[in-house]
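The values are calculated or read from the model by the stated rules, or taken from the named source; none is laboratory data. Computed from a predicted structure; not experimentally measured. We place every Cβ from the backbone using ideal geometry, glycine too, and count neighbours over all the protein chains shown. These area figures cover heavy atoms from the full protein model, side chains too; ligands, DNA and RNA do not enter into them. Shrake-Rupley method; radii C 1.70, N 1.55, O 1.52, S 1.80 Å.
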Amino acid sequence: MVQQFKEAKEIRVGVVGYGGAFNMGKHHLKEMEAAGMTPVAVTEMDPERLAVATKDYPGIGTFDSIDAMLAESDVNLITLITPHNTHAPLGVQALEAGRHVVCEKPLAITTAECDAMIAAAEKSGVMLSTYHNRHWDGLPRTAVDLVKEQGAIGDVYKIDCRMGSRHLPGDWWRSSKTISGGVMYDWGVHLLEYALQVIDSEITEVSGYAKKGFWAPQIKWAEDSNEDEARAVVRFANGVWLTLTISTLDSDPKQGIVEISGTEGSIVFGDPHNDYRLIQWKDGNRTTTEGKQLETVGHRYYENVAAYLTGKADLIITPEWSRRPIHILDLADQSAATGKALSAKYA
Ligand SMILES: NC(=O)c1ccc[n+]([C@@H]2O[C@H](COP(=O)([O-])OP(=O)(O)OC[C@H]3O[C@@H](n4cnc5c(N)ncnc54)[C@H](O)[C@@H]3O)[C@@H](O)[C@H]2O)c1
């Protein structure tokens, strides 16, 4: 039974990682505060970034390691905002110490790591969730509304997700295969999470494809560089298929980051928040409508976490939900390495 609080302000939150790439530490603390929780601690191994945290939150507890934070702070919800290969070890450590954990996406790199985190949460009776704030982006909210509420394109039979074009990857940790998990583990996880909201079916099989080695000699990670381009093709029990392609090599990428195809039309989304194009067949005629996406309301993520921990709502982003995109990417990686389609063990 997960520990419940009477009021959100009793949830004392700490973040691990206060990095400078997108200033995500401050973003999380602000959203948690807005949801009624109380920021009490920041852990960061880079002293310069810890100084930024102190400037943003004067008087907040500061620590240079999760060990110190767990030993010295009364924080009861920890959010991990660190590079991807640290999520599982830091998460298991915090969960075993009896703290609730929110982990930035991806939950982990492998399915086995996700399972170890889920087992640790269950053993300690605490919450584990993934910061899928983009679950509430305009794109998936609009897709779910058009497909499931309005039936605007008939029966969905495929979804194609894609991002990226030819460019030299940066020398940051996101380009290291070991640290990031691979080229599909950043935006690819968001795109899969969008698509899985539309496809209500079990994953049955995954094929992976990868082109490697083109950029590797030019960036600092060399042999450990991410794939130049990778693709996952996913088969679902209901017959729907899903493709995800993330590229740093494609000189002529197709327009649209998510394209949903149904028996009566298609929806093409060019970005996560703005417009969409709806193609429909009516009485034998093809019509095209340009529409505005529903509002992006990512702050609802922490509102739901606070409501869950105070016994007012079910948890929307469960660890089982956020394990699904990781299971796809893990299988795609193994499939690309072996050249064979792989069955999903669970979905
Ligand atoms: N949800 C979103 O829209 C979104 C947006 C940006 C980043 N992210 C995610 O946030 C996470 C972090 O990305 P970022 O862009 O903030 O990276 P970043 O490199 O800017 O920050 C990571 C920070 O973690 C610190 N760190 C690493 N290991 C640590 C440890 N063991 N203990 C304490 N601090 C440690 C580093 O010193 C660094 O400052 C990733 O999982 C990324 O995918 C999500």
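Numbers below:
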{"quantity": "When residues of region 47-58 are limited to those that are closer than 28 Å to THR310 by Cα and open to solvent by 10 Å² or more (accessible area, probe 1.4 Å), the one nearest to the ligand (Cβ to nearest atom)", "calculated": "ASP56"}
{"quantity": "Strands (runs of 3 or more DSSP E) lying entirely in region 230-318 (those with 2 or more residues that are open to solvent by less than 40 Å² (accessible area, probe 1.4 Å))", "calculated": "241-247, 258-262, 265-269, 275-282"}
{"quantity": "Out of LEU191, LEU146, sole residue that is under 27 Å from ALA307 (Cα atoms) and buried (at least 20 other Cβ atoms within 10 Å of the Cβ)", "calculated": "LEU191"}
{"quantity": "Sole residue being over 24 Å from ARG174 (Cα atoms) and of a type in the set (A, V, I, L, M), chosen from ILE219, ILE246, ILE267", "calculated": "ILE267"}
{"quantity": "Of all residues making up region 172-195, the number that are within 15 Å of VAL233 (Cβ to Cβ) and either free of Cβ contacts under 8 Å to residues at least 40 places away in the same chain or within 16 Å of the ligand (Cβ to nearest atom) (or both)", "calculated": "4"}
{"quantity": "In region 149-161, the residues that are outside any loop (DSSP other than H, G, I, E, B) and open to solvent by 40 Å² or more (accessible area, probe 1.4 Å)", "calculated": "GLU149, TYR157, LYS158"}
{"quantity": "Any hit, region 71-80, residues being in contact (Cβ under 8 Å) with a residue 60 or more places away in the chain and within 10 Å of the ligand (Cβ to nearest atom)", "calculated": "yes"}
{"quantity": "Subset of region 111-139 that is within 15 Å of the ligand (Cβ to nearest atom) and assigned to a loop (DSSP other than H, G, I, E, B) - its residue that is farthest from ASP271 (Cα to Cα)", "calculated": "HIS132"}
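Residues checked against (1) in a loop (DSSP other than H, G, I, E, B); (2) open to solvent by 30 Å² or more (accessible area, probe 1.4 Å); (3) touching a strand residue (DSSP E or B) at 6+ places or on another chain (Cβ under 6 Å):
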{"position": "LYS6", "(1), (2), (3)": "yes, yes, no"}
{"position": "GLY14", "(1), (2), (3)": "no, no, yes"}
{"position": "ALA21", "(1), (2), (3)": "yes, yes, no"}
{"position": "HIS27", "(1), (2), (3)": "no, yes, no"}
{"position": "MET32", "(1), (2), (3)": "no, no, yes"}
{"position": "ALA41", "(1), (2), (3)": "no, no, yes"}
{"position": "MET45", "(1), (2), (3)": "yes, yes, no"}
